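Each remark here refers to the structure printed beneath this line.
What follows is calculated from the coordinates using simple rules that are stated; it is not laboratory data. For clarity, every value in this text was computed on a predicted model and none was experimentally measured. In this analysis, Cβ positions are derived from the backbone assuming ideal geometry, glycine residues included, and neighbour counts consider all displayed protein chains.
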Amino acid sequence: MSADQASDIVTAGFLVIGDEILSGRTKDRNIGYLAEYLTAIGIELSEVRIVPDIEDRIVEAVRELSARYTYVFTSGGIGPTHDDITADSIAKAFGVPIDHDPRAIAILTAFYPEGQLTEARARMARIPQGADLIENSVSKAPGFRIGNVHVMAGVPAIMQAMLDAIAPTLRTGAKMHSLAVDADLPESRVAGALREIQESHPGVLIGSYPRSIDGRFSTQVVVRSRDTEAMERAGAAVRAAIAAVAATS
């Protein structure tokens, strides 16, 4: 990969926060959505972590991911209840104070009927100092961005709306392209050839995925690269290798 190609790569880490995810009470629906969304716009999701509602664990993960990747996205823990501690943890990770943000208070005041902006709901307006707000077109309580960290709700519909709001602000890089080649052969029959093709095609990723239907084994080979010409060359080599192995069956 050339220096120019490397500079076009934009990476991200995703931090999923919440005891309910780790206990299995809530099934995460955000990881797959974010991965597909980021891939489509040219950002490589490089790591996903799931951490409990423990401040020190959140702080540690935020600091590590923020230092490692272009962007960090988080989901969960910015609601109105006492155990929603993400905002406080992010503030601690960046070493800044946190308080009710006048901009967020104004948004919630306009949304809730008079007298219904309770103390609990006002918790959702607590934003770390220096952060920008992320629009929430669904339930109005904003997320926020501080440094390269984007803090979003855990509810999928709200997280998706927030992601749409911030997407235009994100720097994107070269998109990853892929092609699939189906082989009516068990994975073990093509593994050696795929290894050789991988070694001779730098900048291309080759994955093989075995399948079994009614006791018959087959393999799907997926070739991925940011360079479409390199991907096509490797794809042609994969097709030729599969045909050669099939001919000896």
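Taking every DSSP helix (H) stretch of at least 4 residues in the chain, weighting each as -39,500 (n - 2.57) and dividing the sum by the residue count yields a mean residue ellipticity at 222 nm of -12500 deg cm²/dmol.
Straight distance only, please: which aspartates and glutamates reach the Cα of residue 140 with their own Cα at less than 19 Å, same-chain residues fewer than 8 apart left out? Counting by Cα, and skipping residues close in sequence, residue 140 has these aspartates and glutamates nearby: 84, 99, 101, 114, 119, 132, 164. The modelled label-to-label distance for the pair residue 121/residue 243, using points 7 Å beyond Cα in the direction of Cβ, is 6.7 nm. Roughly speaking, what is the centre-to-centre gap between segment 116-147 and segment 68-87 when only Cα atoms are used, to the nearest Å? If we compute the Cα centre of each part, the gap is 11 Å. For the chain, the relative contact order is 17 percent, taking Cα pairs closer than 8 Å that sit 6 or more residues apart in sequence and dividing their mean separation by the residue count.
Each of 241, 35, 78 was scored by the projection of its Cα onto the charge dipole of the chain, and the greatest displacement toward the positive side belongs to 241; charges sit on the C-beta of Lys, Arg, Asp and Glu. Only residues of segment 84-107 count here: report those whose backbone N is under 16 Å from the spot 7 Å along Cα→Cβ of residue 23, or say none. Zone members listed by number: 84-85.
Normalised by the number of residues in segment 178-249, the average gap of Cα pairs under 8 Å and 6 or more apart makes the relative contact order 41 percent.
Pairwise Cα separations in the chain fall into 5 Å bins from 0 onward with the following percentages, short to long: 1, 6, 12, 14, 14, 12, 10, 9, 8, 6, 4, 3, 2, 1, 0, 0. Compared with the dominant principal axis of the Cα atoms in the chain, helix 187-200 is inclined by about 80°. With respect to the chain, whose longest principal axis is taken over its alpha-carbon atoms, helix 55-68 is tilted by about 50°.
Taking the DSSP beta bridges with both ends in the chain, the antiparallel portion is around 60 percent.
Take the Cα of residue 228, step 7 Å toward its Cβ, do the same at residue 82, and the gap between the two points is 5.7 nm. Taken about its Cα centre, segment 97-165 carries a charge dipole of roughly 100 debye when the Cβ of each Lys and Arg holds +1 and the Cβ of each Asp and Glu holds -1. FRET efficiency for the residue 135 to residue 220 pair, using the beta carbon distance and R₀ = 35 Å, is estimated at 0.30.
Under the convention that each Lys and Arg Cβ holds +1 and each Asp and Glu Cβ holds -1, the size of the dipole of segment 37-136 around its Cα centre is about 120 debye.
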